[in-house]
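Worksheet: the structure to be examined is printed underneath.
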Amino acid sequence: MTDRTVMDHVFTGGRVTRVELSRLTGISKPTISESVRRLEAADLLEETGVQTGRPGRVATYYELSPTAGWVLGLQVSQEGVLARCADLAGGTIADRSYPPVPGGDVRGLVRRLRKATKDALATPGPLRAIAMSVANPVDPANHEIIALSGSPFPEGLLDPRQVFDKLTDAPLLVDNDVNLAVLAERRDGDAGAAESVAYVYLGAGLGMSLYVGDNLVRGANGLAGEIGYLPDISPSGQTLVGVFDRLGFTQRPATTLDVDRILATLDAGTKDAGRVHDAVARVVAVICAVVNPELVLLGGPIGSHPGLIGPVRAAVAGYTPTPVRIERPAVAGQAPLAGAVHRALDHARELLFQNA
């Protein structure tokens, strides 16, 4: 437990002396010294200089060793594959991007991911964990990716074991992109202070992730948050996807949303923009009625459009009996990738001490 406490302080605060560790943790100096020696022997800590300019005994600084290892975060989307290598303190070592493959090209996607992994493996030190973000839901029992009917995302047919076979034996974690996006918001954004958070993603695909406390609500089969299937969202009784389809905002053959066209409509502020506002507001109102979250985040290229949030706030206020805070996400751009790195780091750090 002392070793874990010491490393937690190094992960969050950077280099530190044994005296500082004793003061910060309340653990005796001899116990801290023994812990630091163990962690040095395990190649997790290293000496990085001495404290100068102060009277008294010279204190030695310690920080995370370059040999402590690293993690790999992967984000798979219609825009391609993003890869991020990070040290165990969460510092980015390298960011790489790879172009997308045609829809349904599972073999091409496997090649892209294997290429990303091979490039990452040039990083010095042991790879401690991999976390991969995908657009499809993931079964919480067997951790397999669930292929939804009509999904435009080829990773729904992907067996993650194909990707990493004979490349690495590092632990692999696979999760839905919206789940990882809200994890990034809780760690790096403003959502960490909220007791319950619903993250509504509106982009080429639709989804929602719900955190209650520190618990992610996945559902029995990992399908919690599939808001595209909610019935009777519009006055005509259509699902949210059906509303977009009726307005001509979907692309065939899969029921993926035409993001560029929807954004142009929101920019123009036409009558169809009002229909989009109302459909999204009805979804948010249903979420609020069922789970009553403290905070709702509207994310994705459509959800974070500046012209959407105001009308949605106004409409939801008319549907719900109590106020709800509706905001845009604070983590811009690659939130699922940031969440994947956090997920890999949590797992990797835990494994460091599982046999302690």
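The values are calculated or read from the model by the stated rules, or taken from the named source; none is laboratory data. In this text the structure is predicted, and so the values were computed from the model without any measurement. All Cβ positions, glycine included, derive from the backbone under ideal geometry; neighbour counts span all protein chains shown. SASA here: full protein model, heavy atoms, side chains in, ligands and nucleic acids out. Shrake-Rupley method; radii C 1.70, N 1.55, O 1.52, S 1.80 Å.
Peptide packing for 336-344, 98-106, 34-42, 204-212 was compared via the average number of neighbouring C-beta atoms within 10 Å per residue; ordered from the highest value, the list is 336-344, 204-212, 34-42, 98-106. Amide H contacts of LEU44: none lie under 5 Å away among residues 5 or more positions distant or on a separate chain (H built 1.01 Å from N in the peptide plane; Pro and chain starts excluded). Here the Karplus relation 6.51 cos²θ - 1.76 cosθ + 1.60, evaluated at θ = phi - 60°, turns the backbone of the stretch 172-179 into coupling constants of 10, 10, 10, 8, 5, 5, 6, 4 Hz, with x for every Gly and Pro.
Can you give the % of DSSP beta bridges in the chain that are antiparallel, to the nearest 5?
Values: 32 of 51 bridges.
Within the chain, antiparallel bridges account for around 65 percent of the total.
Using the 1.4 Å probe convention, the accessible area of the chain works out to 47 Å² per residue with neighbouring protein chains retained. Using a probe radius of 1.4 angstrom, the carbon and sulfur fraction of the accessible surface of the stretch 64-166 is 51%.
The listed residues HIS143, HIS347, HIS277 rank as HIS143, HIS347, HIS277 when sorted by accessible area, largest first, using a 1.4 Å probe. Summing Cβ point charges (Lys, Arg +1; Asp, Glu -1) relative to the Cα centre of the chain gives a dipole of roughly 420 debye.
Expressed as a rounded percentage, what relative contact order does the stretch 66-199 have, with Cα pairs under 8 Å and six or more residues apart?
Values: 225 pairs, mean separation 32.3, N = 134.
After rounding, I find 24 percent.
Converting phi to 3J(HN,Hα) with the Karplus coefficients 6.51, -1.76 and 1.60 and the offset θ = phi - 60°, the stretch 201-208 yields 9, 10, x, 4, x, 10, x, 9 Hz in sequence order, with x at every glycine or proline. Computed over the alpha carbons of the chain, Rg followed by Dmax gives 23.1, 78 Å. Model label sites at ALA220 and THR67, defined 7 Å from Cα along the beta-carbon direction, differ in position by 5.1 nm.
Residue ranking by accessible heavy-atom surface, 1.4 Å probe, largest first, among ILE93, ILE32 comes out as ILE93, ILE32. Residues whose amide H lies under 5 Å from that of TYR61, counting only those 5 or more places away or on a different chain, are THR48, GLY49, VAL50, GLN51; hydrogens are built 1.01 Å from N in the peptide plane.
Which whole-number percentage describes the relative contact order of the stretch 124-268, with Cα contacts under 8 Å and a sequence gap of 6 or more? Could you put the intermediate results ahead of the total?
Details: 199 pairs, mean separation 29.3, N = 145.
Relative contact order of the stretch 124-268: 20 percent.
When you restrict to C-alpha pairs under 8 Å that are six or more residues apart and normalise by the size of the stretch 170-217, the relative contact order lands at 31 percent.
Near GLY299, the amide H atoms lying under 5 Å from its own belong to VAL200, TYR201, LEU202; only residues 5 or more places off or on other chains count, and H is placed 1.01 Å from N. Distance between the modelled labels on ASP165 and ARG15, one decimal in nanometres: 4.6 nm (7 Å Cα→Cβ projection). With all protein chains in place and a 1.4 Å probe, the accessible surface of the stretch 257-309 carries 51 percent carbon and sulfur.
Among THR92, PRO124, VAL134, whose Cα projects farthest towards the positive end of the dipole of the stretch 75-150, with charges put on the beta-carbon of Lys, Arg (+1) and Asp, Glu (-1)? Final value for the positive-end residue is PRO124. Across the stretch 262-277, coupling constants 3J(HN,Hα) worked out from phi with the 6.51/-1.76/1.60 Karplus curve, θ = phi - 60°, read 5, 4, 5, 5, 5, 4, 6, x, 7, 4, 5, 4, x, 5, 5, 3 Hz, and Gly and Pro carry x. With Cα atoms as the point set, the radius of gyration and Dmax of the stretch 214-356 evaluate to 17.7, 63 Å.
State to the nearest 20 debye the size of the charge dipole of the stretch 180-224 about its Cα centre, where the only charges are +1 on K and R beta carbons and -1 on D and E beta carbons.
Working: 3 positive and 5 negative charges, 36 e Å.
Roughly 180 debye, rounded to the nearest 20.
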